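Chemist: Input: one structure, supplied below.
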Amino acid sequence: MEILAVILHSFFIALFASSIILNYRIAKFLNLSLGSMYTLGAYVAYLLSKDVITAIIVSGLVGFTAGIVLRYLIKFLSKNTIEATIVSLGFGISIEEILRMSLQTSYFLVVEVKETFLNIFGEKISILQLTQAGISLLFFILLFALFKSNYGLKLKFIEEDLELAELYGVDADKYIFSVITVTSFLISVSGCLLSTTQALSPLMGFPILICGIIVAALAVIFGGIGARLHINSILVSVTYSLLAGIVL
């Protein structure tokens, strides 16, 4: 088992799990479209595989735009957590069906990207995988810093009681918009960076989604609020990935 590669991938799973937690705790719904955002980023990588930098930028913009669309669909079509979750599922399925109808073929491989590998502790690690792990770590550093700031206090307020937070003048809509769009952006970029590691298909994001939900649920079981909850997601993700690597 390549332990370093497993640990690096676990950072992505932690990012995915934390994105699920943020959407649920702040935006108040289970975002079932995140798997499709991952797929969307991977397909952008396939379509723009001759220019990796452009593919990364475009995947981020596409993910961010999809997040904006999702936010307004939820705002105008749902009134509670269950309805918002259903809207996100429908939106995700729509993305997958558009990809299926427009590209026809069931599976694709990103073969035009010339990957660079580094030898770290005897393991060959892709630069793209290192980049994704770096983005995940940067996300958590910024998130922890955010929770230590005044904005973090407002986030915790929204987590604990959205209606009361709005009653005290917190602009919850701004935070909800930011959570949905930023997580969509990050997951789409991750899909682009990790696209070379697997065969691409419209349903490729589903196993990632299930894995992220499992890690997020376990992180919540261990308790906490704010930064502590996301530290849990990192610890659970690393443990989960290592155990899965040993079993498989």
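The values are calculated or read from the model by the stated rules, or taken from the named source; none is laboratory data. Keep in mind that what you see is a predicted model, and the values were worked out from it rather than measured. Note: ideal-geometry Cβ built from the backbone for every residue, glycine included; neighbour counts use all protein chains shown. Protein only, heavy atoms only, side chains kept; ligands, DNA and RNA dropped before computing areas. Shrake-Rupley method; radii C 1.70, N 1.55, O 1.52, S 1.80 Å.
Chemist: In nm, what is the difference between 0.36 nm times the number of residues separating Leu4 and Tyr151 and their Cα-Cα distance?
Modeler: 49.5 nm
Chemist: Give me a comma-separated list of calculated 3J(HN,Hα) values for the range 211-216, in order, Karplus coefficients 6.51, -1.76, 1.60 applied at θ = phi - 60°, integers in Hz, x for any Gly or Pro.
Modeler: 4, x, 5, 4, 5, 4
Chemist: Next question. Which whole-number value in Å² is the accessible area per residue of the chain, probe 1.4 Å?
Modeler: That works out to 50 Å² per residue.
Chemist: So what J values fall out for the range 184-194 if you push phi through Karplus, 6.51 cos²θ - 1.76 cosθ + 1.60 with θ = phi - 60°, rounded to Hz, Gly and Pro as x?
Modeler: With the stated coefficients, the range 184-194 comes to 4, 4, 5, 5, 5, 4, 4, x, 5, 5, 9 Hz.
Chemist: For Leu77 and Thr131, compute 0.36 nm times the residue count separating them, minus their Cα-Cα distance, and round to one decimal in nm.
Modeler: Stretched fully, the Leu77-Thr131 segment lengthens by 15.7 nm.
Chemist: Going by the alpha-carbon gyration tensor, a ≥ b ≥ c the square roots of its eigenvalues, is the chain rounded (a/c under 1.5) or, if a/c is not under 1.5, prolate (a/b greater than b/c) versus oblate?
Modeler: oblate
Chemist: To make sure I understand the rule: partners must be lysines, Cα under 16 Å from the Cα of Lys114, and not fewer than 8 residues away in the same chain. Which ones qualify?
Modeler: Hits, sequence-local ones excluded: Lys50, Lys124.
Chemist: Mind listing the phi-derived Karplus ³J(HN,Hα) values for the range 219-229, rounded to whole Hz, using 6.51, -1.76 and 1.60 with θ = phi - 60°, and x for any glycine or proline?
Modeler: Rounded to whole hertz, the list is 4, 5, 4, 6, x, x, 9, x, 4, 4, 4.
Chemist: Past 25 Å, Cα to Cα: identify those pairs from Lys75/Lys148; Lys79/Lys174; Lys79/Lys148, in the order given.
Modeler: Lys75/Lys148; Lys79/Lys148
Chemist: I've got another one for you. Please give me the summed charge of the neighbours of Leu22: other residues whose Cβ is under 13 Å from its Cβ, Lys and Arg +1, Asp and Glu -1.
Modeler: Its environment carries a net charge of +2.
Chemist: Cut-off under 18 Å on the C-alpha distance; same-chain residues fewer than 8 positions from Lys156 excluded. Which aspartates and glutamates are left, in chain and number order?
Modeler: Excluding near neighbours in sequence, the set is Glu166, Asp171, Asp173.
Chemist: Here's something else I'd like to know. Given a 1.4 angstrom probe, I'd like the percentage of the accessible area of the range 51-186 that is carbon and sulfur, rounded to a whole number.
Modeler: Exposed carbon and sulfur together represent 66 percent of the surface.
Chemist: May I ask you to rank Thr183, Thr196, Thr65 by accessible area, largest first, using a 1.4 Å probe over the protein chains only?
Modeler: These residues rank, largest area first, as Thr65, Thr196, Thr183.
Chemist: Next question. Rounded to whole Å, give me the distance from the Cα center of the range 96-136 to that of the range 29-61.
Modeler: Result: 11 Å between the Cα centres.
Chemist: If the label point is 7 Å along Cα→Cβ of Asp51, which residues in the range 186-206 have backbone nitrogen under 19 Å from it?
Modeler: 189, 192-193
Chemist: Cβ neighbours within 10 Å, averaged per peptide: list 155-165, 72-82, 172-182, 16-26 in order, most packed at the top.
Modeler: Ranking, from highest mean packing down: 16-26, 172-182, 155-165, 72-82.
Chemist: Checking the a/c ratio against 1.5 first, then a/b against b/c, what shape does the Cα gyration tensor give for the range 77-188?
Modeler: The shape class here is oblate.
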